[in-house]
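Student: A single structure is presented below for examination.
The values are calculated or read from the model by the stated rules, or taken from the named source; none is laboratory data. Quantities reported herein were computed from a predicted structural model and do not represent experimental measurements. Counting neighbours? That spans all protein chains shown, and the Cβs are built from the backbone with ideal geometry, glycine included.
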Amino acid sequence: MHTDYRGHADSDPATPLQRESRLGYARDALNAVASLKREPYVDPDKLAMLGRSMGGGITLNALVAQPGIVDAAVVYAGVSSRYLDNLRHFTARSRPEAVDALFDRFGTPQERPDFYRGLSSRTYFDRITEPVLMHHGTDDEQCPFPWAQTTHRLLTEAGVASRLEVYPGERHSFTPQWHTSIEETVRFLRRRLGV
C-alpha cells in the first residue's frame, strides 16, 4: 500500500503544524497500517513499513509512536531523525515564513528545547521493537549521509536491531544501485517476516 500524506496529491489538506511537524503524516501512515491489517488478504503478523526520504522520517516516527505496529521497517535515503536538522535544512530554505510561524507559536529552540526534542524520533528510539534496515548513499545531495550514520548509531545504542547499508557514490535518487538495494530489502524482509 502506498499512502498519500495529507496535503499531498488528492489527500485532505494539512494544517501548517501537521505539515511542518510531520506528525499528521505519521498518523496517516499508522492508520493505513491499521486499515491494511483488517483486509482478508493480508497477514497482519507479516507487515513491514518502507519509507523513502521524508517517508523514512515518517517511518521512524510511526515506529516510536506505535511500537509493534509492523514487524520490520526499511528506510531509504531518510531525512534526519532530529527534527531541527530537517527544519533548518529544508523548511528554513524553502518556507522561512513557516519557521517564523512555528517559532511564534511554540517559541524558539533556545526557549523551548524540550518541545523540539519531543518532535525528534531519536528521542524515543528506545521504544522501537522492530528491526530497521537503512539504505543511504554517500553522495546524497538532499539528505546528508552523516544523518544516516548518526541515526543508525543512535538506533543501535537504543538496542534496536538496525543495519545501515552504505552505497558509495549514490545520490538521493538511488538510481544506479536501486536494483542492489531492492535485492537486499527483499532478503531482509524474507528473513524478518518469514516469507
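Student: Whether any residue in region 36-50 is under 28 Å from Arg153 (Cα atoms) and free of Cβ contacts under 8 Å to residues at least 12 places away in the same chain is what I want to check.
Tutor: No: zero hits.
Student: For region 156-195, which residues satisfy the criterion of being among the hydrophobic types (A, V, I, L, M, F, W, C), surrounded by 15 or more Cβ atoms within 10 Å (Cβ to Cβ), free of Cβ contacts under 8 Å to residues at least 60 places away in the same chain and not in a loop (DSSP other than H, G, I, E, B)?
Tutor: Matches in region 156-195: Leu164 only.
Student: Let me ask something else. Just to be sure I understand the filter: pairs with C-beta atoms under 6 Å, separated by 6 or more residues or on different chains, first member in region 1-22 and among the polar types (S, T, N, Q), second member part of a loop (DSSP other than H, G, I, E, B) and surrounded by 11 or more Cβ atoms within 10 Å (Cβ to Cβ). Which pairs pass?
Tutor: Ser11/Asp4; Ser21/Leu119
Student: For residues that are crowded, with 19+ Cβ neighbours inside 10 Å and of a type outside the set (A, V, I, L, M, F, W, C), scanning just region 25-51, find the one that is nearest to the chain's Cα centre (by Cα).
Tutor: Gly51
Student: So the check is Cβ under 8 Å with 6+ separation or different chains; which pairs have a first residue in region 77-99 that's more than 19 Å from Thr123 (Cα to Cα) and a second one that's of a type in the set (Phe, Trp, Tyr) and not in a helix (DSSP H, G or I)?
Tutor: Ala77/Phe174
Student: Continuing with this model, one more query. Could you list, in sequence order, all residues of region 170-187 that are closer than 15 Å to Gly56 by Cβ and touching a Leu at 6+ places or on another chain (Cβ under 9 Å)?
Tutor: Correct list: Thr185 only.
For (1) touching an Asp or Glu at 6+ places or on another chain (Cβ under 8 Å); (2) assigned to a loop (DSSP other than H, G, I, E, B); (3) surrounded by 20 or more Cβ atoms within 10 Å (Cβ to Cβ), each residue gets a yes or a no:
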residue	(1), (2), (3)
Glu111	no, yes, no
Thr129	no, yes, no
Leu133	yes, no, yes
Gln142	no, yes, no
Thr150	no, no, no
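Student: Quick check on this structure: which one of Gly68, Gly57, Gly51, Gly78 is assigned to a helix (DSSP H, G or I), at pLDDT 95 or above and under 29 Å from His179 (Cα atoms)? Don't jump to the end; show me each part of the working.
Tutor: Values: Gly68 fails: assigned to a helix (DSSP H, G or I); Gly51 fails: assigned to a helix (DSSP H, G or I); Gly78 fails: assigned to a helix (DSSP H, G or I).
It is Gly57.
Student: Here is a check on your reading of the model: is Thr151 under 21 Å from Met49 (Cβ atoms), among the hydroxyl-bearing types (Ser, Thr, Tyr) and in contact (Cβ under 8 Å) with a residue 40 or more places away in the chain?
Tutor: Judged against the criteria, Thr151 is a match.
Student: Answer yes if at least one residue in region 150-168 is touching a helix residue (DSSP H, G or I) at 6+ places or on another chain (Cβ under 9 Å), within 15 Å of Val79 (Cβ to Cβ) and polar (S, T, N, Q), and no otherwise.
Tutor: Yes, some residue in region 150-168 is touching a helix residue (DSSP H, G or I) at 6+ places or on another chain (Cβ under 9 Å), within 15 Å of Val79 (Cβ to Cβ) and polar (S, T, N, Q).
Student: Here is a follow-up. Filter region 21-48 down to the residues that are in a loop (DSSP other than H, G, I, E, B) and within 18 Å of Ser80 (Cβ to Cβ) and list them by number.
Tutor: Passing the criteria: only Arg22.
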